[in-house]
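Here the structure is laid out as structure tokens; the discussion comes afterwards.
Laboratory data are not the source of any read-out in this text; all were calculated from the coordinates shown. These figures come from a predicted structure and were not determined experimentally. Neighbour counts run over all protein chains shown; Cβ positions are idealised from the backbone, glycine included.
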Amino acid sequence: MSNLRFLGLGENLLTGSIYAQSISRLKSLEKIWLSNNKLNGSLPRSLFKRLPRLTLIDFSNNNFTGPIPDGFSTECPNITTIYLELNQLTGRLPENVGGLKSLQVFDVGHNRLSGTIPTSWMTLPNLTDFNLAGNNFIGTIPSEIVNLSNLTVLILVSVSRFGPSDAIH
């Protein structure tokens with residue numbers, strides 16, 4: 001299976017944690033689809049560290065907990081799509097995202113994320129879809145959001161305590 005490029009195990013009612021050591025051996029893996037299962041535990045940083053060819057991660061609609069691993073930026077430079085919505089993720093959005101120049105879709109809707117939205121997210125040149133709905137963010141929408149010239153979908157519904165932003169006026 002060393003040439004496997006797409007791992008699709010979604011909608012199988014899988015339970016337990018992700019075995020990062022096993023998946024990270026698939027060096028050719030470009031897309032991983034584990035959505036709509038009953039997986040739990042944290043998202044292991046080591047999983048992404050060993051899969052530099054990843055372009056798509058879909059771990060949506062599971063029971064993952066803990067923070068979003070820092071390091072996507074340097075470890076997955078080709079990633080275009082990240083779906084992590086409908087989990088139980090906590091903590092803040094990673095700040096070190098400057099290397100995600102290819103990222104187009106980032107969906108973390110309906111988790112338990114908190115804190116402010118780092119301005120570093122407003123520097124991603126290809127970001128088209130940005131869903132932060134149903135989390136516990138505070139503060140204002142960074143005014144730098146106007147720099148996201150390719151942004152076509154912005155979902156901030158039920159994001160707790162956002163104040164007004166000059167970017168939206």
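In the chain, helices alone account for a calculated mean residue ellipticity at 222 nm of -1000 deg cm²/dmol, with every DSSP H run of four or more residues adding -39,500 (n - 2.57).
Basic side chains Lys and Arg get +1 at the Cβ, acidic Asp and Glu get -1 at the Cβ, and with that the dipole of segment 6-163 about its Cα centre reaches some 440 debye.
Ordering 70, 107 from the fewest to the most neighbouring beta carbons within 10 Å gives 70, 107. Normalising the average separation of contacting C-alpha pairs (under 8 angstrom, six or more residues apart) by the number of residues puts the relative contact order of segment 6-163 at 15 percent. Size of the chain: Rg and Dmax of its alpha carbons, in Å, are 15.7, 52.
Taking other residues whose beta carbon is less than 11 angstrom from the beta carbon of residue 2, and scoring Lys, Arg as +1 and Asp, Glu as -1, yields +3.
Among 31, 38, the ranking by other beta carbons within 10 Å of each residue's beta carbon, starting with the fewest, stands as 38, 31. Other residues whose C-beta falls under 12 angstrom from the C-beta of residue 21 contribute a net charge of +3, scoring Lys and Arg +1 and Asp and Glu -1. In terms of Cα atoms, the Rg and Dmax of segment 87-155 work out to 11.3, 31 Å. Annotation for residue 151 and residue 74: the two label points, set 7 Å from Cα along the Cα-Cβ direction, are 2.7 nm apart. A simple spin-label model places pseudo-atoms 7 Å from Cα toward Cβ; at residue 4 and residue 17 they are separated by 1.9 nm. Label-to-label distance, residue 63 versus residue 96, with points set 7 angstrom from Cα along the beta-carbon direction: 3.2 nm.
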